[in-house]
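Visitor: Have a look at the structure that comes next, please.
The values are calculated or read from the model by the stated rules, or taken from the named source; none is laboratory data. Predicted model only: the values in this text are computed from it and were never measured. Please note: Cβ atoms are built from the backbone with ideal geometry, for glycine as well, and neighbour counts cover all protein chains shown. When the accessible area is computed, the model is the full protein with side chains, heavy atoms only, and any ligands, DNA or RNA have been set aside. Shrake-Rupley method; radii C 1.70, N 1.55, O 1.52, S 1.80 Å.
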Amino acid sequence: MSADMKEIIAETFAKMVWRGNMDKITVKALIDECHISRQTFYYHFQDIMDVLEWSVRQTTQQLVEQSLQTEDMRSALRIFISFAVERFPMLQKLMNSQRRPQVEQIMIDAISAYLSQMAQNRPKDVSINYLDREVLLRYNACGLVGVLLAYGGKSNLDQDKLACQLEKILSGELAGWNKQ
């Protein structure tokens, strides 16, 4: 029941974001929409940002599970690109809110967690120390979030081509741009 109530609250929150302005969503408005008590809300979440963070973690975990079942990196990237395109209006509302820094950090952390899990599932061909690995993961996570936000709303986006380009970047194939 507990997880179900968390899902109900998170789904209601998402519907409210789709309909309006995230900055105007309050705990009171959310509990009224869910038809629950304030006590029930605070039993499951600390505040509105906690609802958003939980929702992003749940969604990311689902995307990671889907992507780990794919045969290659390009197919995995297509899952994330497709998600960003489908949810772009909501992402745009979140990014236009006063909570943009927190939303951006949640997205970067989610993509970083995904990349970290992907790295753990790959053969250990290359030895890299922990600090270098963390910088590389963060760099790629920031880049992927930026690309998804920059291209997700384009009506003529060729998702397959973008997945191919991102795969080349992540694999290092497109790293020769600065060589003479």
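Visitor: Using +1 on the beta carbon of Lys and Arg, -1 on that of Asp and Glu, and nothing else charged, what's the dipole of the chain about the Cα centre, debye to 20? The partial results should precede the final answer.
Guide: Working: 21 positive and 22 negative charges, 85 e Å.
Charge dipole, the chain, about its Cα centre: 400 debye, nearest 20.
Visitor: Counting only protein heavy atoms and a 1.4 Å probe, tell me what percentage of the chain's accessible area is made up of carbon and sulfur. Spell out each step's value before the answer.
Guide: Numbers: 5690 of 11420 Å².
Of all accessible area on the chain, carbon and sulfur atoms account for 50 percent.
Visitor: Which of W54, Q69, G146 sits closest to the plus end of the dipole of the chain, meaning its Cα is farthest towards the positive end, when Lys and Arg get +1 and Asp and Glu get -1 on the C-beta?
Guide: G146
Visitor: Structure shown: which of K28/K93; K93/K154; K15/K154; K93/K168; K15/K161 lie over 26 Å apart, alpha-carbon to alpha-carbon? Intermediate results must be reported in sequence, preceding the final value.
Guide: Values: K28/K93 20 Å; K93/K154 16 Å; K15/K154 23 Å; K93/K168 30 Å; K15/K161 31 Å.
The pairs that break the limit, which is 26 Å between Cα atoms, are K93/K168; K15/K161.
Visitor: Provide the net charge surrounding R57, with neighbours chosen by a C-beta distance below 14 Å and charges set as Lys +1, Arg +1, Asp -1, Glu -1. Walk me through the numbers on the way to the answer.
Guide: Numbers: positive: K6; negative: E7, D50, E53, E65, D109.
Surrounding charge for R57 is -4.
Visitor: Here's a follow-up. From largest accessible area down, sort I108, I128, I9; use a 1.4 Å probe on the protein chains.
Guide: Numbers: I108 25, I128 80, I9 0 Å².
In descending accessible area the options line up as I128, I108, I9.
Visitor: Over the stretch 1-81, with the other protein chains present, what is the accessible area per residue in square angstrom, probe 1.4 angstrom? Write down the numbers at each step before the final one.
Guide: Details: 4720 Å² over 81 residues.
Computed with neighbouring chains in place, this is 58 Å² per residue.
Visitor: Let me ask something additional. List, in order, the whole-Hz ³J(HN,Hα) value for each residue of the stretch 106-116 obtained from phi through the Karplus relation with A = 6.51, B = -1.76, C = 1.60 and θ = phi - 60°; use x for Gly and Pro.
Guide: 4, 5, 5, 4, 5, 5, 4, 4, 4, 4, 4
Visitor: Ranked from the most accessible area to the least, with a 1.4 Å probe and all protein chains present, what is the order of V64, V56? The partial results should precede the final answer.
Guide: Details: V64 5, V56 35 Å².
Per-residue accessible area, sorted high to low, gives V56, V64.
Visitor: Using a 1.4 angstrom probe and counting only protein chains, how large is the accessible area of K15 in Å², to 10?
Guide: Number for this one is 120 Å².
Visitor: Here is a follow-up. Let me make sure I get this right: for the stretch 1-78, a, b and c are the square roots of the gyration tensor eigenvalues over alpha carbons, sorted descending. Under 1.5 in a/c it's rounded, otherwise prolate if a/b > b/c, else oblate. Which is it?
Guide: Details: a/c = 3.20, a/b = 2.05, b/c = 1.56.
Prolate, since a/c reaches 1.5 and a/b exceeds b/c.
Visitor: Stretch E11-Q98 to full length: gain in nm at 0.36 nm per residue minus the Cα-Cα span?
Guide: Net length gain for the segment: 29.2 nm.
Visitor: Please list, in order along the stretch 5-22, the HN-Hα scalar couplings obtained from phi with the Karplus expression 6.51 cos²θ - 1.76 cosθ + 1.60 (θ = phi - 60°), rounded to whole Hz, x for Gly and Pro.
Guide: For the stretch 5-22, the Karplus curve yields 5, 4, 5, 4, 4, 5, 5, 5, 4, 4, 4, 5, 5, 4, 7, x, 9, 4 Hz.
Visitor: If you count only protein heavy atoms and use a 1.4 Å probe, how large is the accessible surface of Y114, to the nearest 10 Å²?
Guide: 10
Visitor: Turning to a different aspect of this structure: Using a/c under 1.5 as the rounded threshold, could you call the stretch 59-121 rounded, prolate or oblate? The axes a ≥ b ≥ c are square roots of the C-alpha gyration tensor eigenvalues, and prolate needs a/b larger than b/c, oblate otherwise. Don't jump to the answer; show the numbers that get you there.
Guide: Working: a/c = 3.18, a/b = 1.69, b/c = 1.88.
It is oblate, given that a/c is not under 1.5 and a/b is not larger than b/c.
Visitor: State, to one decimal in nm, how far the label point of E173 lies from the label point of D72, with both points 7 Å from Cα in the Cβ direction.
Guide: Computed distance between label sites E173 and D72 equals 0.7 nm.
Visitor: A further question follows. Would you calculate a helix-derived [θ] at 222 nm for the chain, using -39,500 (n - 2.57) for each DSSP H run of n ≥ 4 and dividing by the full residue count, to the nearest 500?
Guide: Details: 9 runs with 132 residues, N = 180.
One gets -24000 deg cm²/dmol as the mean residue ellipticity at 222 nm.
Visitor: Which residue fluctuates the most in the chain, going by a Gaussian network model with Cα springs under 10 Å, if the choices are F13, F45, F80?
Guide: Of the options given, F45 has the highest mean-square fluctuation.
Visitor: Taking a ≥ b ≥ c as the square roots of the eigenvalues of the Cα gyration tensor of the chain, is the shape rounded (a/c under 1.5), prolate (a/b larger than b/c) or oblate?
Guide: On the way: a/c = 2.28, a/b = 1.83, b/c = 1.24.
Prolate.
Visitor: Between V17, V147, V135, which gets the highest mean-square fluctuation from a Gaussian network model of the chain, Cα cutoff 10 Å?
Guide: V135
Visitor: What list of ³J(HN,Hα) couplings, whole Hz, do you get for the stretch 160-170 from phi and the Karplus terms 6.51, -1.76, 1.60, once you set θ to phi - 60° and write x for glycine and proline?
Guide: The phi angles translate into 5, 5, 5, 4, 5, 5, 5, 4, 4, 5, 5 Hz.
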